[in-house]
1. For residues that are open to solvent by 100 Å² or more (accessible area, probe 1.4 Å) and within 19 Å of Ala107 (Cβ to Cβ), scanning just segment 3-21, find the one that is modelled with the highest pLDDT.
2. If you take the residues of segment 371-396 that are touching a helix residue (DSSP H, G or I) at 6+ places or on another chain (Cβ under 9 Å) and surrounded by fewer than 12 Cβ atoms within 10 Å (Cβ to Cβ), which of them is farthest from Gly336 (Cα to Cα)?
3. With away from ligand 2 (no atom under 16 Å from the Cβ), open to solvent by 20 Å² or more (accessible area, probe 1.4 Å) and under 28 Å from the mean Cα position of the chain (by Cα) as the only criterion, which of Gly500, Gly490, Gly471 stands out?
4. Consider Gly227 carefully, then state whether it is buried (at least 17 other Cβ atoms within 10 Å of the Cβ) and either in contact with a strand residue (DSSP E or B) (Cβ under 8 Å, 6 or more places away or on another chain) or assigned by TED's automatic domain parsing to the domain that holds Phe68 (or both).
5. Might you check whether a residue that is open to solvent by 40 Å² or more (accessible area, probe 1.4 Å) and more than 35 Å from the chain's Cα centre (by Cα) occurs anywhere in segment 419-440?
6. In the set Ile51, Ile75, which member is open to solvent by less than 40 Å² (accessible area, probe 1.4 Å) and either touching a residue at least 12 places away in the same chain (Cβ under 8 Å) or of a type in the set (Phe, Trp, Tyr) (or both)?
7. Looking for something over 20 Å from Leu509 (Cβ atoms), in the same structural domain as Phe494 (by TED's automatic domain parsing) and among the basic types (Lys, Arg) - is there at least one such residue anywhere in segment 406-417?
8. Looking at (1) open to solvent by less than 60 Å² (accessible area, probe 1.4 Å); (2) farther than 30 Å from Asp310 by Cβ, can you tell me which one Gly233 breaks?
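The values are calculated or read from the model by the stated rules, or taken from the named source; none is laboratory data. Fair warning: this is a prediction, and the values are worked out from it, not measured in the lab. Note that each Cβ is placed from the backbone with ideal geometry, even for glycine, and that neighbours are counted across all protein chains shown. Side chains included, ligands, DNA and RNA excluded: accessible areas come from the protein's heavy atoms. Shrake-Rupley method; radii C 1.70, N 1.55, O 1.52, S 1.80 Å.
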Amino acid sequence: MSTEFVLGDDFARVLTETTQALVCVLDSGGRILLFNDACERTTGYGRDEVIGRDARESVIPPEESEAFGDVLAYIWRTRLSSPQVGHWVTKNGDRRLIAWSNRLMPAVDGNGSFLVTTGIDLTESAEESEGALSGDVEAKLAEVGRLAQEQRALRRVATLVASEATPERVFAAVSEETSRVLEVNASAVFRYEGDDTATVVGRHDREAVGIFSVGDRIFADDNTAIGRARDTGLPARIEDYFAIDTDVAKTMREAGYRSTVAAPIFVSGIPWGAIAIAAREALPDESEARLMGFCELVSLAVASAQAREDLQSSRARLVKTGDEQRRKLERNLHDGAQQRLVSLALTLRLARAKLESDPGALEPILAGAAQELDLALEELRELARGLHPAALTEQGLAPAVRALGERLPVDVRVDDLDERLPDYLEATAYYICSEALTNVAKHARAESARVTFHREPGVLRFEISDDGRGGADGRGSGILGLRDRAESAGGTLFVISPPGKGTVVTATLPLD
Ligand SMILES: Nc1ncnc2c1ncn2[C@@H]1O[C@H](COP(=O)(O)OP(=O)(O)OP(=O)(O)O)[C@@H](O)[C@H]1O
Ligand SMILES: [Mg+2]
């Protein structure tokens, strides 16, 4: 008679005792609850030395303990398995390379869960397989572990970005994750300021050395890693601060740092800023490549935080511009037409009083009133034209821009555009041309300017170019207002203005 075989507790125990694989059960705090024979053989620790204690006090090497905590937190949060490759330290200090699988197992009483992990010791196979291959295997596994860590770091940053955290928080998190992933004590995110300086927008300083605070502005010339990263678009390194004599080098030396690596963060193809890491010793050779890889990914986070901030300030500017325009309109109405109508009312009242007493005096009074009324009408017409030029409604975009150009002291050539476009689009394009051409007259010292229109599928693209002195910096309210106007219509606006080579303002506006 055969007995039925059951996968029960006894089986689990026998299997755990006899298997060559390492079997270790952990709780959510990283405490070891089960440590099988294979674990004892591999590490030299007896069960009684490790059970009930945090794995980070025995088998997890100190440099991997932070990553270990991350993995636990990740698994308990997501309840997903997370295969890992990492090291264990034996009782006599040797390191073993181990590939782990893991799975959460609910407690029998339904209270919480345990993490069952099984590991295969790869150390021997990595050492036994010969020469290049062994290095290769070990390096590949280390790479897998590193990538997994990097992915977790990026996921944390991405989660912050998605939760619309403030840019300050995102930059602080980026610094912290960079330090963690690149295993350095200090890192910072810098924003380039368009001159030879950069502002610290996020930092992480594990040892609390305390140099550079958020908001500090520092020199970023080509004696600095962040300056070189900006100028070359590539990672840059300062190998030894003790060998150079600049203010930044002195600060870094005094804080005990020897070397720095920085990599640029590009936003929309332009160097927006950099991430820099610093260490007391020479940073390893692969730091550049690793930081660059990390930077490319975090630049997305930065771009979206930045875009959100830009959007907020653009909204604020639009509201402010709207307010200002309303106030200006109110002032113009008040000082112009309103005054004339008030005086017209007075004149008419006077005329009425004279109607019986002195009818002969009526003629000049009424003539004056009629003139006043003409002026009031003329002023109202002027105002209305300022809001929406009559030429635009009557003749369309190109003729209206041409009429505008004729009033400027520069020779302006305007292409034809044989097509009427929706009202709001013609108006937006008209105001962009108007401000850009006014800028040409005000700033460019140009001989001529040209406006060209290109109808592309679904898009109107147009350019206002001049042959003047260039150097427009986009910091004035005019150019910012243009960009806001284009972007609020769903389009884009770029200003290219190399000094001495003229200026080209290119705008695109979607037609639907
Ligand atoms: N076509 C141009 N050629 C040369 N410099 C220009 C040109 N357009 C603008 N600039 C420069 O860029 C700056 C910013 O222009 P912007 O239109 O934003 O401001 P603004 O014209 O000075 O003031 P606002 O338009 O608010 O009255 C100008 O002050 C000027 O120095
Ligand atoms: Mg201007």
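1. It comes out as Arg13.
2. Glu394
3. Gly490
4. So Gly227 fits the description; yes.
5. yes
6. Ile75
7. yes
8. Only one criterion in (1) open to solvent by less than 60 Å² (accessible area, probe 1.4 Å); (2) farther than 30 Å from Asp310 by Cβ is unmet by Gly233, namely (2).
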